[in-house]
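The values are calculated or read from the model by the stated rules, or taken from the named source; none is laboratory data. This one's a predicted model, so the numbers in the text were calculated from it and none came from an experiment. All Cβ positions, even for glycine, are placed from backbone atoms using ideal geometry, and neighbour counts span all protein chains on display. Areas reflect the complete protein model, heavy atoms only, side chains present, ligands, DNA and RNA absent. Shrake-Rupley method; radii C 1.70, N 1.55, O 1.52, S 1.80 Å.
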Amino acid sequence: MGPGALTRNPLYTTGEFEFFECAELSRRPGDIDTYRIYLDNLLDCLNRTWTEEFTQAGLPFSPPRVRYITKSVGTGCGKYPAGYAAGLYCPRNHTMWILLSKGQLSDPTEFNLFTVIAHEYGHYAQDRAGILYEFARQYPKLSKKRMYDLNRRIELQAECFSGAFIGSVWRSLGRDQLDWDEQLKWIVGDKWHGKAGNIRYWLKRGWYGNGPKVCNTFSAPAARTA
Ligand SMILES: [Zn+2]
């Protein structure tokens, strides 16, 4: 696809996400099996939504591999930084690594895992659309400053994809506005992911745009990807 994979990706030509029911299954505190079932069900929702979108874009697609872990492990992309990130996508083995922390396992109503898995799935979508390949090709040639910038555009796009998915299934979740507001409130930014205000901007933009069409962070002004 070449450099156009970032700025003119076929994913930006597709329509809004189709609405699919996605009920959250119940979890029991400390019961990791119920968490696996909860997340597998959520993955089914993501697979349905994204398969439909890739079909529209005329791109081949199949579901990602996923590993749920409770402690630091080797991922194929280095050792998992436990306590640092709740999820990681490794393009080398096309696998999403999801950390189930003690805190999450103790609170079966928490919504953060949902947003983590939607974000990591966003990276998988970028992988399948040729975006990560082009990113990896350009990245080593860049100055430090431009490395950060390109990395933020990748991350903010994954946020936008995540917001678009969550928005598309929201009315079937039985959550109220507070769960979402809470989620937005606790966002912390850094130079790799963008300022908190920009992370919120792209999450909301995805939500209201309801599809990857509005998630072209690579053509966005620098202020929006700072
Ligand atoms: Zn990410």
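With +1 on each Lys and Arg Cβ and -1 on each Asp and Glu Cβ, how big is the dipole of region 17-103 about its Cα centre, in debye rounded to the nearest 20? Intermediate values should be presented prior to the final figure.
Values: 10 positive and 9 negative charges, 136 e Å.
That gives region 17-103 a dipole magnitude of about 660 debye.
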Open item on the list: Given points 7 Å out from each Cα along the Cα-Cβ axis, report the R8 to S26 separation in nanometres with one decimal.
Closed with: 5.3 nm
Task: Gaussian network model of the chain, Cα within-10 Å springs - most flexible of Q157, Q138, Q104 - done: Q138
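I'd like the carbon and sulfur percentage of the solvent accessible area for the chain, probe radius 1.4 Å, heavy atoms only, ligands and nucleic acids excluded.
Values: 5850 of 10760 Å².
Accessible surface attributable to carbon and sulfur in the chain totals 54 percent.
Compare the peptides 15-21, 115-121 by average per-residue count of other Cβ atoms within 10 angstrom and give them in order, highest first. List each step's numbers first, then the result.
Numbers: 15-21: 14.6, 115-121: 23.9.
So the peptides 15-21, 115-121, ranked by packing, come out 115-121, 15-21.
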- [ ] Report the normalised scattering of the chain as log10 I(q)/I(0) at q = 0.18 Å⁻¹, calculated by the Debye formula with identical scatterers on the alpha carbons.
- [x] -1.51
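Could you sort H123, H94, H193 by accessible area so the largest value comes first, with the probe set to 1.4 Å? List each step's numbers first, then the result.
Details: H123 15, H94 85, H193 60 Å².
Largest accessible area first, the list is H94, H193, H123.
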Task: Inter-site label distance for D181 and N47 at 7 Å from Cα along Cβ, in nm - done: 3.6 nm
Task: Per residue, in Å², the accessible surface of region 130-226 once ligands and nucleic acids are set aside, probe 1.4 Å - done: 50 Å²
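Mind checking the per residue accessible area of region 67-122 for me, 1.4 Å probe, whole number of Å²? Present the calculation step by step, with values, prior to reporting the outcome.
Numbers: 2430 Å² over 56 residues.
With all protein chains present, region 67-122 gives 43 Å² per residue.
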Task: For region 161-195 and region 131-146, distance of Cα centres in Å - done: 27 Å
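Loop by DSSP (not H, G, I, E, B), at most 13 other beta-carbon atoms within 10 Å: where is the longest site-free stretch of the chain for trypsin sites (Lys or Arg not before Pro)? Before the final figure, lay out the partial values.
Values: sites that count: K71, R92, K191.
Value returned for the longest uninterrupted segment is 93-190.
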- [ ] Could you give me the radius of gyration and the Dmax of region 122-181, taking only the C-alpha atoms into account and expressing both in angstrom?
- [x] 15.3, 47
- [ ] State the answer as a single residue: which of M1, N216, Q138 lies farthest towards the positive end of the charge dipole of the chain, with beta carbon charges of +1 for Lys and Arg and -1 for Asp and Glu, about the Cα centre.
- [x] Q138
